[in-house]
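Right, one structure below, let's go through it.
The values are calculated or read from the model by the stated rules, or taken from the named source; none is laboratory data. Predicted model, so just to flag it, every value in this text is computed and none were measured. When we count neighbours, we look across all protein chains shown, and the Cβ atoms used for this are built from the backbone with ideal geometry, even at glycine. Note: accessible area is taken over every heavy atom of the protein model, side chains too, but ligands, DNA and RNA are not part of it. Shrake-Rupley method; radii C 1.70, N 1.55, O 1.52, S 1.80 Å.
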Amino acid sequence: MGTRLFFAFRHSLAACLLALLACLAVALPASATGDALQLNAGDSSFPLSPTLRYWHDKTATADPEQAFAHAHDGQFAPLPDGNPAFGFQSGAYWFYLPIENLQHDERRWLLVQEYALSDNLDLYLRYPDGHVEHQDGGDHVPFEDRYIRYRHPNFRLDLPAGERVEMLLRVQSESSMQVPLVLYSPKAFTELLRDAQFANGLYYGIVLALLCYNLVLWLMLRDASYFWYLLHTCAFGMVLFTLNGYGFELLWPNSAWMADASVPLSICLALMGMQMFSRSFLNLPERWPAGNIACLCLVAFFAMLGVASTWLPYSVATPIASRAVLLGIVWIITASLVMLHRGYRPALLFLLAWSMFLTGTVAFTLLAFGILPQSFWTQYGVQIGSALELLLLSLALGRRYASLREENIRIVQETNERLERNMIDRTRELRTAMAQLGEANVQLREYSRRDPLTGVYNRRHFHEALQQALDARMAKGQPLALLLLDLDHFKRINDQYGHQTGDDCLIAAARCIEEVAQSRNGLAARFGGEEFVVVLPGADSQAGLQAAEALRQRVQLTTVYSHGHVVHLSASIGVHAIERDSSLQPDEIIRLADQALYRAKDDGRNCVRHSLTTA
């Protein structure tokens, strides 16, 4: 009885172990169940890197039969750490993987290489009956020949259910040797296409929005920084447009030369734009002349590299351009640190933006040279970093513009304050009787109305005041008198005593004239040379003659002491009064007063004469 129980337990345990092993055979990946990749039910996409094996044909002379033979002989090796990136390599790479489709309802699959820049790809499928199917792809093959019009090279795989199909892929390219292969069902590829279009549309939408926004700002402000930002944004957008395969898909689908040359060309153009943008943003010509010269030298180097890339082999131009990206960004960060050390605050946000870009670019560059394995961050780091960089640079431009505006406001305020102080000091020297004015605009206006030598009003203000007095006389019906005064023999004073003494005489006479005019609510002004004019609102002929006589006597009693000379003054005065309604113009009134003045000079000077004409 015990023996039978023991054998029953042993058989039950063996059955359980067999069932467990069967479950594990379904759950484990293909590498755990043999050499073939098993497409198990329920899965719709299979990354091939963990199970893929490769062989480097350094002379690129092997044919498919030889490659199949090497694969069967075990000369193919697993990918190093599952990394499908080998950097810039010569020769051809062969990749081998047997595939067994266990999904009876899914016969058609799609093989996608998720790297757009490979030159030539040749896919060979060997079926159990021995026949081999061949397909080719890459950016040296017309885009229209692709199985699906998609930015990444792709191939159709017909995998009969339950059959073992050997897949052999040959890749030869002057670009970085990156072969991230993924096998998709049609449904999974449709979902991938949707998600990829959304992600790339979001990125390029951000770039386009920033481009339009800063284009409007450049058109409005004409700031060179915005122009170079636009150039950098366009050029770098073209770099990613090319790296992501959209350039070959949409712009040059039949040009292998453009597919190769567009990468180093767009990189060099982007480098030139970012260097000129940093030069303008950091204001290197004024703040760091030595750094400005270094920046211009880099721009010249990038320009020459761009021209040379049109005839240099892709395998030479692109690695140099890729390394130049790191050089350009390191230089920009160095210049930003120098400017930050010198107290230029906008350089902080600028430095943060380029640090983001540097992080993404370093990851992408190291992936291109096969130093870092392929992952989400290494594959899309440059797009994430560039999007953050473009956003932060746009913010930095706005912050810089606000800083410049604040600086301009400060300079204007300081200039206005300095001008106000200067004008206050100057008007105090020119007009001893004028009270100090508090505001610069009032001070400037008052200064423009005064004669700088004598301090009385100038001729321009006299014409304005005369017109205003005539308008007021018409409104109120009051008389108005005009006195025109000329200092006697003033030329003789200048010739005998000098112009400085003559100026002192003009100042003394102007003071007398202004005092008499102000005591009668009038206005005194210098008419020109040694001539003065007085406007007396409300004064008729009699009042005008009395004021003129008082003015003549005041001048006659004035003695001028100047530079050791004693000068006695006298004046001839002409008077014209308007006592009734009149339509005489200001020039006519001045002419009548001037005639009266000349009559006073003809009558011996030092006297007062009336125009004898009343209107």
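A DSSP coil position with no more than 15 other Cβ atoms inside 10 Å describes the following trypsin sites (Lys or Arg not before Pro) in region 183-263: R222.
Accessible surface of D122, taken over heavy atoms with a 1.4 Å probe and every protein chain present, rounds to 30 Å². Each peptide in 298-306, 444-452 gets a packing score, the mean of other Cβ atoms within 10 Å over its residues, and the list from highest to lowest is 298-306, 444-452. Rolling a 1.4 Å probe over the heavy atoms of the protein chains gives region 148-208 an accessible area of 39 Å² per residue.
Tell me, what does the Kirkwood hydrodynamic radius of region 496-615 come to in angstroms if you use every pair of distinct C-alpha atoms? Let's see the in-between values first.
Values: mean 1/r = 0.0670 Å⁻¹.
In region 496-615 this quantity evaluates to 14.9 Å.
Cross-link reach is defined here as a Cα-Cα straight distance under 18 Å, omitting same-chain residues fewer than 8 places apart; for K491 the lysines meeting it are K601. Taking 29 Å as the straight-line reach from the Cα of K476, none of the lysines fall in range once those fewer than 8 positions away in the same chain are excluded.
For a quick check: with amide H placed at 1.01 Å from N, whose amide H comes under 5 Å from Q38's, ignoring anything fewer than 5 positions away on the same chain? Amide H to amide H, under 5 Å and 5 or more residues apart or across chains, Q38 pairs with A30, E100.
Using 0.36 nm times the number of residues separating R107 and K187, minus their current alpha carbon distance, what extension gain do you get?
Contour length minus Cα-Cα distance gives 27.6 nm.
Site pair T415 and R492 shows an inter-label distance of 5.2 nm when each label is modelled 7 Å from Cα along Cα→Cβ.
Evaluate E = 1/(1 + (r/R0)^6) for D603 and E429, where r is the Cβ-Cβ distance and R0 equals 35 Å; express this FRET efficiency to the nearest 0.05.
Working: r = 40 Å, r/R0 = 1.13.
With a Förster radius of 35 Å, E is 0.30.
Subtracting the Cα-Cα distance of V132 and H563 from 0.36 nm times their residue separation leaves 143.1 nm of extension gain.
Treating each Cα of region 509-548 as one equal point scatterer and applying the Debye formula with no solvent, the log10 of I(q)/I(0) at q = 0.15, 0.20, 0.21, 0.33 Å⁻¹ comes out as -0.31, -0.55, -0.60, -1.16. The accessible area of K476, taken with all protein chains in place and a 1.4 Å probe, comes to roughly 150 Å².
Where in region 267-355 are there trypsin sites (Lys or Arg not before Pro) that are in a DSSP coil and have at most 13 other Cβ atoms within 10 angstrom of their Cβ? Can you show the working numbers first?
Numbers: sites: R279, R287, R323, R342; in loops: R342.
Filter output for region 267-355: R342.
Could you sort E100, E429, E464 by accessible area so the largest value comes first, with the probe set to 1.4 Å? Can you show the working numbers first?
Values: E100 50, E429 135, E464 85 Å².
Result, largest first: E429, E464, E100.
Under 17 Å from a label point set 7 Å out along the Cα-to-Cβ vector of S45, the amide N atoms of region 178-210 belong to 179-202. Please report the net charge: other residues with Cβ closer than 12 Å to the Cβ of A256, K and R +1, D and E -1. Around A256, the charge tally is -4. Annotation: lysines with alpha-carbon distance below 26 angstrom to K187 (same-chain offsets under eight excluded): none found. Whenever you get a sec, compute what percent of the accessible area on region 68-222 sits on carbon and sulfur atoms (1.4 Å probe). Result for region 68-222: 53 percent of the exposed heavy-atom area is carbon or sulfur.
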